[in-house]
Amino acid sequence: MRYFFISDVHGEFDDMIRALNEAGFDMNNDTLVSLGDPFDRGPDSKKVLNYMLRCPHRIFVWGNHDYRLSLLTYYQWLFREADRDNGVWQTIKSFDPDCTNHYDGLMALNENMMLRRYFNECVFAVRWSNLIAVHAWVPAGDIDKASLNDWSMAIWANTEDKIAQEEFPDRKIIFGHWHAWRLRLNA
């Protein structure tokens, strides 16, 4: 079985499908590993999620946008203008085009079974013998002893700073996050 890693799709369903097709992804025989952030900004968060959940072999790693969205669905009063700027409103509209306000939209997302299923499957990291897969970075020290707070900070990490500081663990790390495109330009 092959593993295909995607990250930061941000509701861009067509781009995700195009990339997976070009890479030769076979939904029935390969494992899709999402390194977080399938939601926000793009128009098709619901379509992205539906596709990912249809994959019989899948692994979901928390991204900063997913984690924040999961908190907002339970604690709607935490919604800030930054959440609107980061794409939460686009996610709400993707699931409910007729929604008129973020509070009602977040309440509806809280009851969405497809979204609940996704959140319940998310993990902060996936580890193999020589590889760790995360959204942005790993907490400092022993990751087996990292707290929920340590992990919730790691999903927001500035990956470029971590690499510049050579904070690699003994294993290779694969990650997504919003800094990854800039790293590719410098490679």
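The values are calculated or read from the model by the stated rules, or taken from the named source; none is laboratory data. Everything numeric here is computed off the predicted structure, so don't read it as measured data. Virtual Cβ from ideal backbone geometry, glycine too; neighbours counted across all protein chains shown. For the accessible areas, the whole protein counts, side chains as well, though only heavy atoms, and no ligand, DNA or RNA atoms are used. Shrake-Rupley method; radii C 1.70, N 1.55, O 1.52, S 1.80 Å.
Quick notes
- Dimensions (Å) - the chain, Cα atoms, principal axes, largest first: 48, 36, 31
- Label positions at Thr100 and Leu131, each projected 7 Å from the Cα along the C-beta direction, are separated by 4.9 nm.
- Accessible area in square angstrom per residue, the chain, 1.4 angstrom probe: 53 Å²
- Relative to the longest principal axis of the Cα atoms of the chain, the long axis of helix 64-74 makes an angle of roughly 40 degrees.
- Percent accessible area from carbon and sulfur atoms, segment 68-125, protein chains only, probe 1.4 Å: 53 percent
- Lysine pairs with alpha-carbon atoms under 24 Å apart, the chain, spacing 8 or more or separate chains: 5
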